[in-house]
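Student: One structure follows; several queries about it will come next.
The values are calculated or read from the model by the stated rules, or taken from the named source; none is laboratory data. Keep in mind that what you see is a predicted model, and the values were worked out from it rather than measured. Every residue, glycine as well, gets a Cβ built from its backbone with ideal geometry; the counts of neighbours run over all protein chains shown. These accessible areas exclude ligands, DNA and RNA; they are computed on the full protein's heavy atoms, side chains included. Shrake-Rupley method; radii C 1.70, N 1.55, O 1.52, S 1.80 Å.
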Amino acid sequence: MTAGTRDAALAAGALAFEFDDWIAARYALPAHQIPQIEQQSPEQAAAFVRAKWGIGERPIGNMLNLLESKGVRVFSLAEETRHLDAYSFWRDDKQPYVFLNTLKTAERTRFDAAHELGHLVMHRHSGSTNPSAENEANAFASAFLMPPADLLAEIPRVRSLEQIIEKKTRWGVSASALCYALNKHERMTEWNYRGYNVSLAQMKSEPNALPRETSQIWTKILTDLWRQGIPLSRVSDELLIPEWELNALLFGIASTQAPGAPPPAAAPLRLVGDA
């Protein structure tokens with residue numbers, strides 16, 4: 001990445017720390033439940049995390065909310081970092097953070113979230129800069145979003161690209177990611193795999209696109225603050241951080257709370273994982 005993109009990403013992390021500390025002083029946020037697995041294959045690690053979290057083989061309904069429910073602090077990246085897909089790290093070796101580029105497709109963002117989970121799980125101590133780390137995180141993400149047993153039971157044989165475009169919504173992945181997984185498990189010929197990728201590359205956008213995921217925990221907290229008469233602008237004043245920068249970190253959630261609009265109906269503040 002360029003120096004400008006790197007500096008913008010680091011700045012986003014610093015701002016997220018300040019906001020997270022401000023929130024943590026007022027709300028009991030979920031403690032992290034990220035296991036450490038460094039001596040298994042990415043596929044084994046993905047299966048272990050699914051088992052530990054009680055997901056089994058079923059598809060993940062909302063990847064972002066799942067991470068939040070397991071104690072990961074998830075933030076969005078501003079336009080200045082649009083060339084960066086995502087990144088993650090451990091703060092003081094205690095708190096996991098994930099930053100996602102929301103300018104990508106919903107499918108890509110879900111895969112990036114699973115990819116960063118792979119880094120948090122497999123590379124906490126070894127680091128993610130070794131040559132194999134990115135491939136390992138990609139393999140983890142593929143297996144985590146598309147468990148082989150469920151994938152092969154649902155698609156025992158590939159008949160057409162249209163079938164792949166229809167089925168991709170089951171796992172919330174891109175058509176190309178589903179093609180890759182099916183080719184890896186030898187459910188299509190190499191010739192078909194290349195042909196499907198050429199056809200997908202010629203499409204102007206992701207076929208059968210999914211709606212974008214957003215943060216559940218920041219929505220709940222900002223709504224609760226708003227109900228108390230504390231808009232994001234007051235938080236930004238206390239932290240000496242421009243409101244637009246905070247909103248950029250929070251998936252633009254604050255911009256949906258129109259000034260003067262009645263607050264939402266009262267509801268208990270509780271984070272629920274959607275798997």
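Student: What angle do you read, to the nearest 10 degrees and between 0 and 90, between the alpha-carbon axis of helix 42-52 and the longest principal axis of the chain?
Tutor: The helix 42-52 is inclined about 60 degrees to the chain.
Student: Once you've got the GNM for the chain with C-alpha springs shorter than 10 Å, pick whichever of R58, R73, R159 has the biggest mean-square fluctuation.
Tutor: Result for the chain, Cα springs under 10 Å: R159 fluctuates most.
Student: Taking region 171-218, which trypsin sites (Lys or Arg not before Pro) meet the DSSP loop condition and have no more than 13 other C-beta atoms within 10 Å?
Tutor: K204
Student: At 1.4 Å probe size, with no ligands or nucleic acids counted, give the accessible surface of H125 in Å², nearest ten.
Tutor: Its heavy atoms expose roughly 130 Å² to the probe.
Student: Picking from S233, S205, S142, which is most flexible by a Gaussian network model of the chain using Cα springs under 10 Å?
Tutor: S205
Student: Using modelled amide H (1.01 Å from N, peptide plane; none on Pro or chain starts), what sits under 5 Å from the amide H of F89, excluding residues fewer than 5 places away?
Tutor: Residues meeting the amide H criterion: Y97.
Student: Sticking with this structure for a sec: Given K70/K94; K70/K104; K104/K184, which pairs have Cα atoms separated by over 19 Å?
Tutor: Among K70/K94; K70/K104; K104/K184, the Cα-Cα distance tops 19 Å for K70/K104; K104/K184.
Student: Accessible area per residue of region 90-190 at 1.4 Å probe, in Å²?
Tutor: Computed with neighbouring chains in place, this is 42 Å² per residue.
Student: Tell me whether region 188-245 comes out rounded, prolate or oblate; compute the Cα gyration tensor, take square roots of the eigenvalues as a ≥ b ≥ c, and use a/c under 1.5 as the rounded threshold.
Tutor: Cα axes put region 188-245 in the prolate bin.
Student: Taking a cut-off of 19 Å between Cα atoms, list the aspartates and glutamates near K52, but don't count ones fewer than 8 places away on the same chain.
Tutor: K52 reaches E38, E43, E68, E116, D150, D274.
Student: Whole angstrom only: what separates the Cα centroid of region 43-69 from the Cα centroid of region 90-169?
Tutor: 11
Student: First measure r as the distance between the Cβ atoms of A149 and L239, then evaluate 1/(1 + (r/R0)^6) with R0 = 35 Å and state the FRET efficiency to the nearest 0.05. List each step's numbers first, then the result.
Tutor: Values: r = 47 Å, r/R0 = 1.33.
Once the sixth-power term is evaluated, E becomes 0.15.
Student: Then there's this: Just from its helices, what would the mean residue ellipticity at 222 nm be for the chain, if runs of 4 or more DSSP H residues each count -39500 (n - 2.57) and the sum is divided by every residue, rounded to the nearest 500 deg cm²/dmol? Don't skip to the answer; put the middle values down first.
Tutor: Numbers: 12 runs with 137 residues, N = 275.
Counting only the DSSP helices, I get -15000 deg cm²/dmol.
Student: Could you bin all the Cα-Cα distances of region 1-147 into 10 Å bins starting at 0 and give me the percent of pairs in each, rounded to whole numbers?
Tutor: For region 1-147, the pair-distance distribution reads 11, 42, 36, 10, 0.
Student: Further, regarding this structure: Using the Cα centre of the chain as the reference point, and only Cβ charges (+1 on K/R, -1 on D/E), how large is the resulting charge dipole? Debye, rounded to the nearest 20.
Tutor: Once rounded to the nearest 20, the dipole reads 740 debye.
Student: Treating only the Cβ of Lys, Arg, Asp and Glu as charged (+1, +1, -1, -1), what charge dipole size does region 182-238 show about its Cα centre? Round to the nearest 20 debye.
Tutor: Value, rounded to 20: 160 debye.
Student: OK, next. Pick from F111, F48, F99 the residue whose mean-square fluctuation is largest in a GNM of the chain, springs joining Cα atoms under 10 Å.
Tutor: Answer for the Gaussian network model of the chain: F48.
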